[in-house]
Amino acid sequence: MKKGKSLWLAGVAGLASISAARAADLPIAKSPPAAPPILALCASVQDFFLTSCPLTYGGVTVYGTVDIGAGYQTWGTPLNRDIISGVEELIQKNSNRSQYTLIPNGLSQSNLGVKVAEPLFGDFSFVGLAEFGFDPYTLSLANGPGSNHDNTNIPLAAQSSVGDSSRAGQWDNSQGFFGLSSKTYGALTWGRQNSLTLDGIAAYDPMGLSYAYSVLGYSGVTGGFGDTEDARSNTAAKYKVTLANGSSALRFAALAQTGAFEQGNGANAEYQAQIGADYYGFSFDAIYSFAKDAVSMGTYNGLPPAGVPLGAVKVTLSND
């Protein structure tokens, strides 16, 4: 078992605003934006397809993304309905053929979700979100561990695309949380949530965590600070607050996992702390992370060792 601790650092000038739309839950201080246009509610089928009207009623908004595509790979593996990206976007040890193939989720994960923002008192609001990612061609829920089960005991030359992930076929495989939010005191939420490192690279990656064009987006290792299954925690309390003053700001965040493997988590314990700052267009964040018994899943590329049943997957535990 390997042991270690990770410290994630990032500094960038002028990139925060590029990816702010992909990281709305990671506040970035900037010049006061222009007032957003007032969008009328969708009143007809024509409005739904031809305008930007939101599907919102009483503080509840339904949203979604469908990302489809096709392409040619010089070294690839066949499409797999379970892997989050459909195909392997980086060369792996089973990449062994040239192929024309469907390529779902190249720019972003296809998803469907519901978010809630309901004012309570003062500047406090009840907030919640439930979202799942899926394969737009088969409508299968994103399930990285499932792709390992699909390919275990199969020789490399015959495998389809495979890759571990924190998305494991749950109805909320993206996120599913609720809590309180205040512009003054910050936001406290509980449930299935992104790690602070996943939020961090979403804010800094100029490729917006694209599976096809960003190593950070496809691999998941940075988001999970060593193991991709820790990029999301199933039962976590998370607190974020930003103290802004004009063109500068300080931000603080913390995450503590409240359950272990029994609650579907990718580690027996997970803790994170973050401090960040914005100063006249320059952004900096430092995130400390620790996970106990973090899970990394793989396949047996042929018959398993003696005593291991057929269909079993290979699992490595580490303290990161």
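The values are calculated or read from the model by the stated rules, or taken from the named source; none is laboratory data. Remember, it's a predicted structure, so these values are computed and weren't measured experimentally. Here the Cβ positions follow ideal geometry from the backbone for every residue, glycine too, while neighbour counts run over all protein chains shown. Note: accessible area is taken over every heavy atom of the protein model, side chains too, but ligands, DNA and RNA are not part of it. Shrake-Rupley method; radii C 1.70, N 1.55, O 1.52, S 1.80 Å.
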Unmet requirement for Gly163, which otherwise passes all of (1) open to solvent by less than 40 Å² (accessible area, probe 1.4 Å); (2) assigned to a strand (DSSP E or B); (3) of a type outside the set (S, T, N, Q): (2)
Residue identified as in a strand (DSSP E or B), surrounded by 19 or more Cβ atoms within 10 Å (Cβ to Cβ) and at pLDDT 95 or above among Phe126, Phe132: Phe132
Matching residues in the stretch 264-312 - criterion: being within 17 Å of Pro145 (Cβ to Cβ) and charged (D, E, K, R): Asp293
Any strands (runs of 3 or more DSSP E) falling wholly within the stretch 44-123 and containing at least 1 residues that are at pLDDT 95 or above: 70-76, 97-102, 111-121
Meets criteria (of a type in the set (Phe, Trp, Tyr), under 19 Å from Val295 (Cα atoms), surrounded by fewer than 17 Cβ atoms within 10 Å (Cβ to Cβ) and in contact with a strand residue (DSSP E or B) (Cβ under 9 Å, 6 or more places away or on another chain)) for Phe282: no
Residue match in the stretch 233-256 (condition: touching a Leu at 6+ places or on another chain (Cβ under 8 Å) and either closer than 21 Å to Asn111 by Cα or part of a helix (DSSP H, G or I) (or both)): yes
Filter result (among the small types (Gly, Ala, Ser) and within 13 Å of Glu88 (Cα to Cα)) within the stretch 141-170: Gly144, Ser147, Ser160, Ser161, Gly163, Ser165
Tabulated pairs, the stretch 75-100, first open to solvent by less than 30 Å² (accessible area, probe 1.4 Å), second aliphatic (A, V, I, L, M), C-beta under 6 angstrom, 6+ apart or interchain: Ile84/Ala142; Gly86/Leu79; Val87/Leu79; Val87/Ile103; Asn94/Leu156
Those residues of the stretch 177-193 which are open to solvent by 20 Å² or more (accessible area, probe 1.4 Å) and either more than 21 Å from Gly224 (Cβ to Cβ) or of a type outside the set (Phe, Trp, Tyr) (or both), in sequence order: Phe178, Leu180, Ser181, Lys183, Thr184, Tyr185, Ala187, Leu188
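What are the residues in the stretch 301-320 that are open to solvent by 20 Å² or more (accessible area, probe 1.4 Å) and touching a strand residue (DSSP E or B) at 6+ places or on another chain (Cβ under 6 Å), if any?
Within the stretch 301-320, Val313, Lys314, Val315, Thr316, Asn319 meet the criteria.
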Residues of the stretch 205-227 that turn out to be touching a residue at least 12 places away in the same chain (Cβ under 8 Å), under 26 Å from Ala269 (Cα atoms) and either surrounded by fewer than 23 Cβ atoms within 10 Å (Cβ to Cβ) or not aromatic (Phe, Trp, Tyr) (or both), as a count: 11
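Looking at Ala267, Ala256, Ala244, Ala273, which one is hydrophobic (A, V, I, L, M, F, W, C) and buried (at least 17 other Cβ atoms within 10 Å of the Cβ)? Full working, then the answer.
Working: Ala256 fails: buried (at least 17 other Cβ atoms within 10 Å of the Cβ); Ala244 fails: buried (at least 17 other Cβ atoms within 10 Å of the Cβ); Ala273 fails: buried (at least 17 other Cβ atoms within 10 Å of the Cβ).
Among Ala267, Ala256, Ala244, Ala273, only Ala267 is hydrophobic (A, V, I, L, M, F, W, C) and buried (at least 17 other Cβ atoms within 10 Å of the Cβ).
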